[in-house]
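Peer 1: Okay, here's the structure, questions in a sec.
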Amino acid sequence: MSDQSKTLHKWNASFRKGTDFDSWGQLVEAIDEYQILARQLQKEAQSPANSSDFTEDQKKIIGKIATCLELRSAALQSTQSQEGFKLEDIKQLEPILDNLLTFNKEFPFDVQPVPLRRILAPGEEENLEVEEEEEEGGAGVGSPDSFPARVPGTLLPRLPSEPGMTLLTIRIEKIGLKDAGQCIDPYITVSVKDINGIDLTPVQDTPMASRKEDTYVHFNVEIEIQKHVEKLTKGAAIFFEFKHYKPKKRFTSTKCFGFMEMDEIKSGQIVIELYKKPTDFKRKKLQLLTKKPLYLHLHQTLHKD
């Protein structure tokens, strides 16, 4: 059996395991299986040509399947999952994954692969970036036009309303950074973590920033939090990780992060402080990024049925 065939056999077994759990109503198990497989597929889709057993066209399909798995996982975490990506939708992907090496039809769903970026294991980024402070004081590495564009993030739609429950939309307006103009392909990863740093909702990436001006990177993009506010656990927080591409190292780096705690959820404008990486999801050892008054600017909207 070739390496391609072995990989596909493993993926197909995991895919069927997920859809079986889904069919049986074992939603927690289905979500776990879908998310594990999605990460494996994303890693393959983003791998360099010389280290992959698949063609670039095949990797695009692999990336789209990963996105569909993430969408189904998100739908299962919704209180009204029938409104999102359905089980029958996911099952349409089975023959595509089975016949990936010969598949030449149009993909059945209008989705895009996740952003093309190197995936780093936990702790790996800190080891690669000990000189970050020196870089921030140096000159820019060139115009963003010098580097190929990457696919922007895929945001999830608002959950269905539920009587007596509140949904939260956060508009990310802009972030203040002393070297804003030097950031290449910047975007923000948004996640909701419990007090132990465990994900409570699917992680979302914004598209690349809309513009850079003076000491600000502007986004003006809305994020739909994928859980009703009343169902967020005590001590939870919403994290915003600012990321940018480093051409010399050829990977996407977290530059800084901020977070909102539950008592800060209220309609209107809010500015939050920025902290040095690595992202501390447990909020135990926080260090401010700078003494300068630069913040992440957000606008919150609460929707209650």
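The values are calculated or read from the model by the stated rules, or taken from the named source; none is laboratory data. Note that the coordinates shown come from a computational prediction; the quantities given were computed from them, not determined experimentally. Backbone-built Cβ (ideal geometry, glycine too); neighbour counts: all protein chains shown. When the accessible area is computed, the model is the full protein with side chains, heavy atoms only, and any ligands, DNA or RNA have been set aside. Shrake-Rupley method; radii C 1.70, N 1.55, O 1.52, S 1.80 Å.
Peer 1: Can you go through 282, 266, 277 and tell me which one is touching a Leu at 6+ places or on another chain (Cβ under 9 Å) and touching a residue at least 60 places away in the same chain (Cβ under 8 Å)?
Peer 2: 277
Peer 1: Between a first residue in the range 192-211 that is over 16 Å from residue 70 (Cβ atoms) and a second residue that is among the acidic types (Asp, Glu), which pairs have beta carbons less than 6 Å apart while being 6 or more apart in sequence or on different chains?
Peer 2: Cβ pairs passing all conditions: 208/185.
Peer 1: As an exercise: evaluate residue 167 against (1) assigned to a loop (DSSP other than H, G, I, E, B); (2) touching a His at 6+ places or on another chain (Cβ under 6 Å) and give the number of the one condition it does not meet.
Peer 2: (1) is the only condition that residue 167 fails.
Peer 1: While we're looking at this one, here's another question. So residue 22 passes all but one of these: (1) touching a Ser or Thr at 6+ places or on another chain (Cβ under 6 Å); (2) modelled with pLDDT of 90 or more. Which condition number does it fail?
Peer 2: The number of the failed condition is (1).
Peer 1: Checking residue 245 against (1) in a strand (DSSP E or B); (2) open to solvent by less than 20 Å² (accessible area, probe 1.4 Å), only one condition comes out false. Which one?
Peer 2: Exception for residue 245: condition (2).
Peer 1: In addition: Could you tell me which numbered condition residue 6 fails, if it satisfies all but one of (1) part of a helix (DSSP H, G or I); (2) within 30 Å of residue 165 (Cβ to Cβ)?
Peer 2: Condition not satisfied by residue 6: (2).
Peer 1: Select from the range 97-111 the residues that are over 23 Å from the mean Cα position of the chain (by Cα) and charged (D, E, K, R) and write down the one among them that is surrounded by the fewest Cβ atoms within 10 Å (Cβ to Cβ).
Peer 2: 106
Peer 1: Further, regarding this structure: Looking at the range 211-230 only, could you name the residues that are touching a strand residue (DSSP E or B) at 6+ places or on another chain (Cβ under 6 Å), buried (at least 21 other Cβ atoms within 10 Å of the Cβ) and not in a strand (DSSP E or B)?
Peer 2: If the condition is that a residue be touching a strand residue (DSSP E or B) at 6+ places or on another chain (Cβ under 6 Å), buried (at least 21 other Cβ atoms within 10 Å of the Cβ) and not in a strand (DSSP E or B), then 225 is the only one that fits.
Peer 1: Look at residue 233 and say whether it is assigned to a strand (DSSP E or B) and not hydrophobic (A, V, I, L, M, F, W, C). Give the derivation first.
Peer 2: On the way: assigned to a strand (DSSP E or B): no; not hydrophobic (A, V, I, L, M, F, W, C): yes.
So residue 233 fails the test.
Peer 1: Given the structure, is residue 259 in a strand (DSSP E or B), open to solvent by 10 Å² or more (accessible area, probe 1.4 Å) and hydrophobic (A, V, I, L, M, F, W, C)? Write out each step before concluding.
Peer 2: Numbers: in a strand (DSSP E or B): yes; open to solvent by 10 Å² or more (accessible area, probe 1.4 Å): yes; hydrophobic (A, V, I, L, M, F, W, C): yes.
When the stated conditions are applied, residue 259 passes them.
Peer 1: Any residue in the range 38-51 that's in contact (Cβ under 8 Å) with a residue 40 or more places away in the chain and in a loop (DSSP other than H, G, I, E, B): show its pairings with residues that are surrounded by fewer than 19 Cβ atoms within 10 Å (Cβ to Cβ) and of a type in the set (A, V, I, L, M) at Cβ separation under 9 Å, as long as the two are six or more apart or on different chains.
Peer 2: Hits for this filter: 46/116; 46/119.
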